[in-house]
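Worksheet: one structure, shown below.
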Amino acid sequence: MHNSLLGLQLPELALLVEEFGQPAYRARQLFEALYQQRVETPEEISTLPQDFRRSLSEKGISVGLPGIERKFVSRDGTVRYLVGCGDGQSVETVWMPEGDGGEAGDGSEAGNETEMAGRRWERATICVSSQVGCAVDCQFCLTALLGIKRNLTAGEIVGQVCVVLNDQDVSPPLERVNLVFMGMGEPFLNYENFMKAVHLLVDGVGIPESRMTVSTAGIVPHIYDLGAEAVRPKLAISLNASNDALRTSLMPINRKWNLEKLIAAAREFPLRNRERLTFEYVLLDEVNDSAQNARELVELIRGVRAKVNLIALNPGPGIVFRTPVQERVLQFQNILKAAGVPTFVRRPRGRDIYAACGQLKRTVELAPVA
Ligand code: SAH
């Protein structure tokens, strides 16, 4: 018997309902209460009879939502949540509202929770973690410094989304919510739980697959697996270098799956109608951001239906690289654009609270504004 309900799929709930001698249709009621209504306790599931709710509680069965341990609010409206998993471990989940007052802009006072809480937003993106820590050891990423602690369960992955939606008071239909699996960890090193969570998020929570993106550091076999899934998020690949020597020095995973293998997988990835693959490229000052690197990158990805997201390094303690000046970023972008590659510069979100890309390491003090 399971102790927490979150993470269970409909067939698993059907078994549980049967064990309690309840009619089969109660499984669907449980499913909807858990994922759509996002209840916190079995007692709240008003569609279930009192005695069933009580016997769930008596057997020690809980919903199993993770708890919000800390919450940091950025001046730009971004919220970084420290989410506790119940066994003393925690991960980070980031809420990024956009438009209609969701962003306070640069000139404003530093935000606080009450000030931001009442703000409206047009759409929002939740950045979700897949592991406690990370094993991949990218040299520019703060999460790498934690090492890998463990995989998250499907329930813990879905649970991050549920607690953030509850905290932000978002109710279905969730048309304006996007998910990116770009938080702590490497989703493809926790592939099964990640995919299980995707299904629960689509079928249960109600976020369409077209509004989800998963990012990988380049775990090639699972790129092929993802391509074969009937329901799947869009794919982003963290490239970060334009040749093998450079990539191996920045991302040791490149020894296992080099650029030839990685780009081959990208080329073969079955894109849907109008879908594009994303290549992410973290720009490190005078390391991978020269005009030569940009031209090499153009050749490397030639013929892949893809866009490139450039991310100027978000700095942090223990990271030896520097952030390039805006001019270098634009020069790099212009070379790609001139070659016909759609290229965007990702705006850093929540740098002042350590919420930006590569900064998630469960920092409990606020960062100096970068
Ligand atoms: N492990 C997966 C999912 C994390 S996504 C992956 O690597 O794709 C996090 C993104 O932030 C990656 O594209 C990564 O290259 C980028 N990143 C890591 N450290 C960064 C930093 N210090 N500044 C900016 N981007 C960073």
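The values are calculated or read from the model by the stated rules, or taken from the named source; none is laboratory data. Since the structure is predicted, the reported quantities are computational estimates derived from the model, not experimental observations. Note that each Cβ is placed from the backbone with ideal geometry, even for glycine, and that neighbours are counted across all protein chains shown. Quick note on the areas: whole protein, heavy atoms, side chains included, nothing else; ligands and nucleic acids left out. Shrake-Rupley method; radii C 1.70, N 1.55, O 1.52, S 1.80 Å.
The residues of the chain present an accessible area of 43 Å² per residue when probed at 1.4 Å with all protein chains retained.
How many percent of the accessible area of region 67-353 is carbon or sulfur, using a 1.4 Å probe? Can you show the working numbers first?
Numbers: 5570 of 11710 Å².
Solvent-exposed carbon and sulfur of region 67-353 make up 48 percent of the total.
Count the DSSP beta bridges whose two residues both fall in the chain, then state the antiparallel fraction as a percent rounded to the nearest 5. Percent antiparallel among DSSP bridges in the chain is about 45. Taking the chain as a Gaussian network of alpha-carbon nodes connected by springs under 10 Å, the highest mean-square fluctuation of the residues Ser130, Ser57, Ser242 belongs to Ser57. From Cα pairs below 8 angstrom and at least 6 apart in sequence, can you work out the relative contact order of the chain, rounded to a whole percent? Across the chain, relative contact order equals 15 percent.
Once the other residues with Cβ under 11 Å from the Cβ of Thr248 are scored (Lys, Arg +1; Asp, Glu -1), what is the net sum?
Details: positive: Arg247, Arg255, Lys256; negative: Asp244.
Around Thr248, the surrounding residues sum to +2.
Taking 28 Å as the straight-line reach from the Cα of Lys234, the lysines in range (excluding those fewer than 8 positions away in the same chain) are Lys149, Lys196, Lys256, Lys261, Lys307, Lys337, Lys361. Helical runs (DSSP H, four residues minimum) scored at -39500 (n - 2.57) apiece and divided by the length of the chain put the mean residue ellipticity at 222 nm at -8000 deg cm²/dmol. Here each label is just a point 7 Å from Cα along the line to Cβ, and for Asn334 and Arg322 those points are 2.1 nm apart. Here's how it looks for Lys71: its modeled amide H is under 5 Å from those of Leu82, which are all 5 or more places away or on a different chain. Under 10 Å, Cα contacts only: if you run a Gaussian network model on the chain, which one of Leu246, Leu277, Leu360 comes out with the highest mean-square fluctuation? Sorting by GNM fluctuation, first place goes to Leu246. Taking the 1.4 Å solvent-accessible surface of region 10-58 as the whole, the part contributed by carbon and sulfur is 49%. Between the helical axis of 291-300 and the longest alpha-carbon principal axis of the chain there is an angle of about 60 degrees.
Of all trypsin sites (Lys or Arg not before Pro) in region 304-352, which ones are in loop regions per DSSP and have a Cβ with at most 16 other Cβ atoms within 10 Å? Please report the intermediate quantities before stating the final value.
Details: sites: Arg305, Lys307, Arg322, Arg328, Lys337, Arg346, Arg349, Arg351; in loops: Arg305, Arg322, Arg346, Arg349.
Passing sites in region 304-352 are Arg305, Arg322, Arg346.
Spatial offset of region 288-314 relative to region 171-195 amounts to 25 Å, using the alpha carbon center of each. Quick check: the angle from helix 154-167's long axis to the longest principal axis of the chain, C-alpha only, nearest 10 degrees? Approximately 90 degrees, to the nearest 10.
Helix 326-338 and the longest principal axis of the C-alpha atoms of the chain enclose an angle of approximately 90°. In this rough spin-label picture, where each label sits 7 Å from Cα along the Cβ direction, the Arg295-Ser57 distance is 7.1 nm. Can you tell which of Asn273, Asn309, Asn293 shows the greatest fluctuation in a Gaussian network model of the chain with Cα springs below 10 Å? In this elastic network of the chain, the residue with the biggest mean-square fluctuation among Asn273, Asn309, Asn293 is Asn273. Label-to-label distance for Glu192 and Glu12 is 1.1 nm, based on points extended 7 Å past Cα in the beta-carbon direction.
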